[in-house]
Structure formats: C-alpha cells, structure tokens
1. For Lys125, indicate whether it is in a helix (DSSP H, G or I), touching a residue at least 60 places away in the same chain (Cβ under 8 Å) and of a type in the set (Lys, Arg).
2. Could you tell me whether any residue of region 22-30 is of a type in the set (Lys, Arg), out of contact with any Lys or Arg (no Cβ under 8 Å at 6 or more places or on another chain) and modelled with pLDDT under 95?
3. Which of the residues spanning region 97-106 are surrounded by fewer than 14 Cβ atoms within 10 Å (Cβ to Cβ) and closer than 23 Å to Arg24 by Cα?
4. Picking from Val75, Val103, which residue would you name as being over 16 Å from Arg127 (Cβ atoms), in a helix (DSSP H, G or I), free of Cβ contacts under 8 Å to residues at least 60 places away in the same chain and in contact with a strand residue (DSSP E or B) (Cβ under 8 Å, 6 or more places away or on another chain)?
5. Could you check region 10-24 and list, in sequence order, the residues that are in a strand (DSSP E or B) and surrounded by 22 or more Cβ atoms within 10 Å (Cβ to Cβ)?
6. Exactly one condition in (1) more than 16 Å from Ala131 (Cβ to Cβ); (2) not in a strand (DSSP E or B) is false for Lys40; which is it?
7. Which residue out of Val65, Val94, Val60 is within 17 Å of Arg24 (Cβ to Cβ) and surrounded by fewer than 16 Cβ atoms within 10 Å (Cβ to Cβ)?
8. Kindly evaluate Ser85 against the criterion of being modelled with pLDDT of 95 or more, more than 20 Å from Ser29 (Cβ to Cβ) and among the hydroxyl-bearing types (Ser, Thr, Tyr).
Amino acid sequence: MEKKQVNELTLTNCLIVDDDKFSRTFIKSALSLIGIKNVKEASSAKEGIEILKEYGIDLVILDQVMPDQDGIEFVQEVKRLPNKSLKDLIIIMVTVDTQEKTVLKAKELGIKEYLVKPISPNALKSRIEDALNLKKE
C-alpha cells in the first residue's frame, strides 16, 4: 500500500471482525472519531472472509478470541485466498489474548499491530497511523 497522509484516513476502507457486538460498536465509534467512516462489520471470521472477497478493504481490525475461528486462523485463511490485493492487507489485532505464543504467531503472520483490550481511541489512532505509514503532522 502506498503511503497516505493523515487526512486521508477518511479514504480508508476498514473491516472490523469481532464476535462481540459491543466491541464492534466501540471500535466503529473510535474509527469515526479519528476520521475513518467507511467501515464494514463482521461478527465471525467466515463473514469477514466474505466481505474481504466482495469489497476493497485496506485495513482489518481483528479480534483473536472468536468461537468458530480465531483471529490467527482468519489471517491464515486470508493468506490462502487467490486475490493478490489481499496479500498486502493491513491487519491490526485488538484482543484480550496476551499469550506470548499468540503475539508471536500474529507477528509471524504479518499482523502489523497488536492492541490489548480495553483500548482507547487515541491508542487505536496511533496504531492505525503506524500500520498505514502515515506521516504525523
């Protein structure tokens, strides 16, 4: 992905994949506060995969702990999809899972940032800017 300016956050297409409705609502509100308005939501990894296949998504905010398929399994499935544009998909993990093996596996899979819940909108903004290589103004 080419570098964007901070004011281009409004052009970012984001997908939130989290089984918890409250978490999705909170993250969507936080994204709106920092300027990201184009947001899709998925309540399961399977639904998230379908959205990725259908829409041009730049950024995924992903929960690790989900009942049917966890975040790591979701990323592994995304990496197997034939769509070349998904190979450079930016993923930020937002989760309660702090196990070292999970964090290391996430890094190995190319997950750009790893935030532990609960999160603040400012922390999320900072991690998104870092992940998207945005210039700080």
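1. Considered against the rule, which asks whether it is in a helix (DSSP H, G or I), touching a residue at least 60 places away in the same chain (Cβ under 8 Å) and of a type in the set (Lys, Arg), Lys125 comes out as yes.
2. Kept after step one, since they are of a type in the set (Lys, Arg), are these residues of region 22-30: 24, 28.
Those left that are additionally out of contact with any Lys or Arg (no Cβ under 8 Å at 6 or more places or on another chain): 24, 28.
After this cut, where a residue has to be modelled with pLDDT under 95 as well, the list is none.
No, that holds for no residue.
3. Result: Thr98, Gln99.
4. Numbers: Val103 fails: over 16 Å from Arg127 (Cβ atoms).
Sole residue among the options that is over 16 Å from Arg127 (Cβ atoms), in a helix (DSSP H, G or I), free of Cβ contacts under 8 Å to residues at least 60 places away in the same chain and in contact with a strand residue (DSSP E or B) (Cβ under 8 Å, 6 or more places away or on another chain): Val75.
5. Cys14, Leu15, Ile16, Val17
6. (2)
7. Unique residue meeting the criteria: Val65.
8. Details: modelled with pLDDT of 95 or more: no; more than 20 Å from Ser29 (Cβ to Cβ): yes; among the hydroxyl-bearing types (Ser, Thr, Tyr): yes.
It is false that Ser85 is modelled with pLDDT of 95 or more, more than 20 Å from Ser29 (Cβ to Cβ) and among the hydroxyl-bearing types (Ser, Thr, Tyr).
The values are calculated or read from the model by the stated rules, or taken from the named source; none is laboratory data. Please read these numbers as outputs of a predicted model, since none were measured by experiment. Every residue, glycine as well, gets a Cβ built from its backbone with ideal geometry; the counts of neighbours run over all protein chains shown.
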